[in-house]
Amino acid sequence: MTQVRTETGNARPAQYALFGVSWYHGAILLLGFVIAFAAVHLNSREADATNLSALDTLSLWLPFILKGFGLNLLMSFLAMAIATVLGVALGIAQVSQLGVVRVASKFVTHLFRNAPWLVILFTVMYLLPVEATLWGREKVIIPDWIKATFAFSLPVMGNISEIVRGAINSIPTGQWESAESLAFTRRQTMVHIILPQCIKRSIPPWMNWYALLTLATPMASILGVHEAVGNAQAAMEAGGGRPEFLLPFYLFLLCLFFAYIYPIALWTRKLEQKYAVSH
Amino acid sequence: MLSLISTMEGNVPRSWTPEMPIVSLRDVRKFYGSLEVLKGISLDVRKGEVICIIGPSGSGKSTLIRCINGLNGIQHGSIRVEGREVNDPKLDVLALRRKVGIVFQQYNLFPHKTALENVMLAPLLVLKEPRRQVEERARELISKVKLQGKENSYPGELSGGQQQRVAIARSLAMCPDVMLFDEVTAALDPETVKEVLVTIKQLASEGMTCILVTHEMGFAREVADHVYFIDGGVIVEHGPPSELFNDAKDPRTRRFLSQVL
């Protein structure tokens, strides 16, 4: 933890290089953990296999937990990609000139923005079929982590839709009027004038939602997806399920997510400040 | 879409010939809700003429000028631009706007594009002209408004007067037949007002049809062929600048002029 604090302390003077510095330090933090645990593991090799210490158990299962964390990251990337594509489309639909499109997209947006993520997760789990027929006639079982990824993308989609709608509405009407007066079609105005100006102001909230999404991915463990938290729990079980495991294991998970998310949060804040100045 | 526009272009009503007024308003009435802001405006502008519209704020000047390119709709009367009825639901509004340029008080340049890109965008996208030809014309226009060397500057890096001149060049890049100027110097610092007025004066002397809403009485007196004084949504008085400024008939005109001159 102290390491993390030093990291921000160092980074503060170097304003816009913050992103690089943070990642570098985050990586060092993780590396430090790995080395420390590996050392503990090596020293206690001869120890009685049935009576490993909590730290030994953690280091023994470390690769398993990190593999799970890899799935957290993969789910967060995929879910964010889906949420961005759908959310941007939905946001643009919210300012459509067609009443039907506008109302329908508003309904979808607010439905997913205002539902608990866990409820969406369960709903998607039970609504999506167990198997799907892909290109050929072969039936493929849809893995649970794919379903969970899709479920997580939905609330983020709703929120991105609102970000996009808000950004479009924040563009001064003079931009629409001058584009209209130059005989641009509505579509040309949107593509060449309005949306490019929306990107910059949408990036900080978009990153914020990415951080929240990543932090929500451990919810998938409830449904048996083998991500970091689920794997850590399985490791504790396998190690004998002793109560003294709880603190080091959960503390480790905390550090793992913190080391990944905190730099993103810092970077988001810097971008927000930067754009607040330049606008 | 393109072919549709070009047929519409060839389809300028036969009844209109270049000898007739290029812009013609007849009994134009406009309401915002129940508030009548234009109460029966009629005026004619001939090709190459420079028309200035003056009047107190809230008199409907800006509303009037924005009706001419269809930015504001009207509820009654007729606005004809080269014979096209603007108040016709079947109007090809894009074809109209290719022929009528407008410059706004707040410049409204595209902040994410350079000065050159601002000028080039509409001819590229709307007129679908080849890039080389457009770029050549855009560079000419930028030097015409005396901004050589600023081609790659973003609007945020330019002064108000410079931005306004880019906005004029951007409108001219569409090769319009009529230019509308909506209080284009009202937001400028006094020292940059002149550079914009010089640009407009040059345009006027080249024979561009110009309709200006302005508070610059000296400028109106100098360049206008005809001045309209509007108050409360009606034309109170109009005439050549020498007559209107020196020998106003209506007491409202005289009161307004005594306040601003």
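Inspection of the range B:219-240 finds no residue satisfying the criterion of being touching a Leu at 6+ places or on another chain (Cβ under 9 Å) and under 19 Å from B:L141 (Cβ atoms).
Of all the listed residues (B:I74, B:I79), the sole one being away from chain A (no Cβ under 13 Å), more than 20 Å from B:M208 (Cβ to Cβ) and buried (at least 18 other Cβ atoms within 10 Å of the Cβ) is B:I74. Summed over the range B:177-192, the residues that are touching a helix residue (DSSP H, G or I) at 6+ places or on another chain (Cβ under 7 Å), more than 13 Å from chain A (Cβ to nearest Cβ) and not acidic (D, E) give a count of 3. Taken over the range B:20-45, the residue count meeting the criterion of being surrounded by fewer than 17 Cβ atoms within 10 Å (Cβ to Cβ), touching a residue at least 40 places away in the same chain (Cβ under 8 Å) and not in a strand (DSSP E or B) is 1.
The single condition among (1) among the aliphatic types (A, V, I, L, M); (2) in contact with a Lys or Arg (Cβ under 9 Å, 6 or more places away or on another chain); (3) within 23 Å of B:I22 (Cβ to Cβ); (4) outside any helix (DSSP H, G or I) that B:V184 does not satisfy is (2). Of all the listed residues (A:Q197, A:Q273, A:Q233), the sole one being in contact (Cβ under 8 Å) with a residue 12 or more places away in the chain and over 26 Å from A:L62 (Cβ atoms) is A:Q197. Residues that are within 23 Å of A:Y275 (Cβ to Cβ) and within 14 Å of another protein chain (Cβ to nearest Cβ) do not occur anywhere in the range A:135-157.
Candidates A:L182, A:L223: the one that is within 14 Å of chain B (Cβ to nearest Cβ) and not small (G, A, S) is A:L182. Taking the criterion of being in contact with a Ser or Thr (Cβ under 7 Å, 6 or more places away or on another chain), facing chain A (nearest Cβ under 9 Å) and within 24 Å of B:S62 (Cβ to Cβ), would at least one residue in the range B:107-121 satisfy it? Yes, some residue in the range B:107-121 is in contact with a Ser or Thr (Cβ under 7 Å, 6 or more places away or on another chain), facing chain A (nearest Cβ under 9 Å) and within 24 Å of B:S62 (Cβ to Cβ).
Can you confirm whether B:G10 is small (G, A, S) and modelled with pLDDT under 90? The answer is yes for B:G10. In summary, helices (runs of 4 or more DSSP H) completely within the range A:42-148 and bearing 1 or more residues that are modelled with pLDDT of 95 or more, in contact with a helix residue (DSSP H, G or I) (Cβ under 9 Å, 6 or more places away or on another chain) and among the basic types (K, R) occur at A:99-113. All conditions in (1) crowded, with 16+ Cβ neighbours inside 10 Å; (2) part of a helix (DSSP H, G or I); (3) within 13 Å of chain A (Cβ to nearest Cβ); (4) not hydroxyl-bearing (S, T, Y) hold for B:M174, with the sole exception of (2).
The values are calculated or read from the model by the stated rules, or taken from the named source; none is laboratory data. Keep in mind the model is a prediction, meaning the values are calculated, not measured. Every residue, glycine as well, gets a Cβ built from its backbone with ideal geometry; the counts of neighbours run over all protein chains shown.
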